[in-house]
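The values are calculated or read from the model by the stated rules, or taken from the named source; none is laboratory data. In this text the structure is predicted, and so the values were computed from the model without any measurement. Cβ atoms come from the backbone with ideal geometry, glycine included; neighbour counts cover every protein chain shown. Heads up: the accessible areas ignore ligands, DNA and RNA and are worked out on the full protein's heavy atoms, side chains in. Shrake-Rupley method; radii C 1.70, N 1.55, O 1.52, S 1.80 Å.
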Amino acid sequence: MEKIKSASDKLAERKARLLELHKQRQEARTQNHQEVVAEDARKKLPSNWEARKRQAEWLLADEKARADAKAAGKDYERLQLLQVSAIDAERIEKKKIRKDNPDLGFSTYEAQTARQYNRLVKNMPPRDMAKYEKQKAELGDAFYGGPHTTIHLQTKDTPSAINNMVKDLEQQIDRRKKYSRRRIYNDDADVDFINERNSKFNKKLDRFYGEHTAEIKQNLERGTAI
């Protein structure tokens, strides 16, 4: 038979429950205060703090992995490549090529000329300083050119330089053959528009009403319309 609790026992249980609730309330208040302080501290940090933190963590991990590989006598770069899939490796290589030689399309003639100049300079062989100094001593003041100097008869291009020029011109011709100017309309088609916008509008009308107005259009063109 269940023992009937006395009034003092019930009072003790209530006090214990109140004490536990008070303890939980104090813990919740402390946690809320800590969260408020942490949130206020986060708001005072720079906007890119999270990205900088991730980058710093990655650098530390990378330095540790590099040091461990060096201590084990292994090639760290090779170990990194073994963890990259073929698809990711191809994507990284393409991104690297775009970064080294970005093609932003046509912007200005000056930018296009500078891009062509950089491409030609990049394909040039390394400078031969011995040959440079020798030619400078032979030509004297004419080496730098000027309004009263003629140097095209005093120098002679080497066969290798001529071959490189011919090779580059042939490559340019081959690249041009792969491209052609896009025609915005067919030269042999009937002209029934006054501008590009009107042409697109007429094509849209023809898609919806062409089969119903074909006979009317033919009569108007022949001059037999009533």
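Here are a few things to note about the model shown:
- Residue count for the range 121-136 satisfying the condition of being surrounded by fewer than 10 Cβ atoms within 10 Å (Cβ to Cβ), charged (D, E, K, R) and in a helix (DSSP H, G or I): 1.
- Considering the conditions (1) assigned to a helix (DSSP H, G or I); (2) closer than 30 Å to Lys64 by Cα, Val84 is excluded by exactly one of them, (1).
- Selection status of Arg175, modelled with pLDDT of 80 or more and exposed (fewer than 10 other Cβ atoms within 10 Å of the Cβ): yes
- Any hit, the range 60-69, residues being of a type in the set (D, E, K, R), outside any loop (DSSP other than H, G, I, E, B), in contact with a helix residue (DSSP H, G or I) (Cβ under 8 Å, 6 or more places away or on another chain) and open to solvent by 70 Å² or more (accessible area, probe 1.4 Å): yes
Let's see how each residue does on (1) loosely packed, with under 10 Cβ neighbours inside 10 Å; (2) part of a helix (DSSP H, G or I); (3) at pLDDT 85 or above; (4) touching a strand residue (DSSP E or B) at 6+ places or on another chain (Cβ under 9 Å):
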| residue | (1), (2), (3), (4) |
| --- | --- |
| Ala51 | no, yes, no, no |
| Gly73 | yes, no, yes, no |
| Lys99 | yes, yes, no, no |
| Ser107 | yes, no, no, no |
| Thr113 | no, yes, yes, no |
| Gln116 | no, yes, no, no |
| Arg119 | no, yes, no, no |
| Glu138 | no, yes, no, no |
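- Qualifying residue in the range 144-158 (condition: touching a residue at least 12 places away in the same chain (Cβ under 8 Å), surrounded by 11 or more Cβ atoms within 10 Å (Cβ to Cβ) and part of a helix (DSSP H, G or I)): no
- Any hit, the range 13-34, residues being of a type outside the set (D, E, K, R) and outside any helix (DSSP H, G or I): no
- The one condition in (1) part of a helix (DSSP H, G or I); (2) more than 30 Å from Pro126 (Cα to Cα); (3) at pLDDT 85 or above; (4) hydrophobic (A, V, I, L, M, F, W, C) that Ala214 fails to fulfil: (3)
- Filter pass, Tyr185 being open to solvent by 100 Å² or more (accessible area, probe 1.4 Å), modelled with pLDDT under 85, aromatic (Phe, Trp, Tyr) and within 28 Å of Lys122 (Cβ to Cβ): no
- Restricting Asp157, Asp190 to those that are among the acidic types (Asp, Glu) and under 30 Å from Leu205 (Cα atoms) reduces the list to Asp190.
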